[in-house]
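K.L.:
First, the structure itself, so that you have it in front of you.
The values are calculated or read from the model by the stated rules, or taken from the named source; none is laboratory data. Treat the numbers as computed from the prediction; the structure is a model and nothing was measured. Cβ atoms come from the backbone with ideal geometry, glycine included; neighbour counts cover every protein chain shown. Ligands, DNA and RNA are stripped out before the accessible areas are found, and what is left, the full protein with its side chains, is counted by its heavy atoms. Shrake-Rupley method; radii C 1.70, N 1.55, O 1.52, S 1.80 Å.
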Amino acid sequence: MNHRFPSLFALSAILITAIAVPSFAASATTDQVVRKFDHAELFGGTSTGQKKAGGSTKGALVFDSEKKTIEFQPGKGSAIISIPYSQVKSLLYEQASKPRYTEAVLISPMFLLAHSKKHYLTIQYTDTNGTGQFAIVQLDKKNAQEAVAAAQAETGKSVERAEEK
């Protein structure tokens, strides 16, 4: 009888694993209605699509499948901008590189040969008044491609890619 207790315990552990793990995995896949891309920076765009001279806001770019919106959420607080997918007119992705002047002065002139790349997603949309607006989001280089793919998949709009000259 002493040998039956450990085997009964092992059998119940196997049953729990066989039943609980698949149901947990299934619930985890249905909860993925929000795609969040951290380390982003929002620049307010002018009516011509240029970055304003003013400041920017750091936060996260969020695609919410349930609400069908693109949101920019700062570190704390509610969303600064919320764009329904139906109001998105176009999406533009571009990489811009610039020489690393600061590093060249402080560390080594060899840094002039290396360029840092910045990744931007420009969202052209109409606001509630029907006025054309732009939101320019600088993406983190680690998740820029995933964010662009999510933008295309979620909105159904193709993302235009601007080549660097």
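K.L.:
Which of (1) farther than 24 Å from residue 162 by Cα; (2) at pLDDT 90 or above; (3) more than 13 Å from the chain's Cα centre (by Cα) is the odd one out, the single condition residue 124 does not satisfy?
P.N.:
Here residue 124 meets the rest and fails (1).
K.L.:
Shifting gears a bit: Are there any pairs with C-beta distances below 9 angstrom linking a residue in the stretch 76-92 that is of a type in the set (A, V, I, L, M, F, W, C) to a residue that is in a loop (DSSP other than H, G, I, E, B), with the two at least 6 apart or on different chains, and if so which?
P.N.:
Final answer for the pair search is 83/127; 88/156; 88/157; 91/157; 91/158; 92/49.
K.L.:
Name the residues in the stretch 55-79 that are more than 15 Å from the chain's Cα centre (by Cα), modelled with pLDDT under 90 and over 15 Å from residue 138 (Cα atoms), would you?
P.N.:
Result: 76, 77, 78.
K.L.:
Same structure, new question: Return the total of residues in the stretch 125-152 being within 23 Å of residue 39 (Cβ to Cβ) and open to solvent by 70 Å² or more (accessible area, probe 1.4 Å).
P.N.:
Summing the residues that are within 23 Å of residue 39 (Cβ to Cβ) and open to solvent by 70 Å² or more (accessible area, probe 1.4 Å) in the stretch 125-152 gives 5.
K.L.:
To continue, here is another question. State yes or no: is residue 31 within 26 Å of residue 156 (Cβ to Cβ), at pLDDT 90 or above and open to solvent by 60 Å² or more (accessible area, probe 1.4 Å)?
P.N.:
Spelling it out, it is not the case that residue 31 is within 26 Å of residue 156 (Cβ to Cβ), at pLDDT 90 or above and open to solvent by 60 Å² or more (accessible area, probe 1.4 Å).
Every residue, every condition in (1) outside any loop (DSSP other than H, G, I, E, B); (2) closer than 17 Å to residue 83 by Cα, yes or no:
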{"residue": "119", "(1), (2)": "yes, no"}
{"residue": "123", "(1), (2)": "yes, yes"}
{"residue": "128", "(1), (2)": "no, yes"}
{"residue": "133", "(1), (2)": "yes, yes"}
{"residue": "136", "(1), (2)": "yes, yes"}
{"residue": "142", "(1), (2)": "no, no"}
{"residue": "146", "(1), (2)": "yes, no"}
{"residue": "154", "(1), (2)": "yes, yes"}
{"residue": "157", "(1), (2)": "no, yes"}
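K.L.:
Here's a follow-up. Quick check: is even one residue across the stretch 100-109 modelled with pLDDT of 90 or more and of a type in the set (Lys, Arg)?
P.N.:
no
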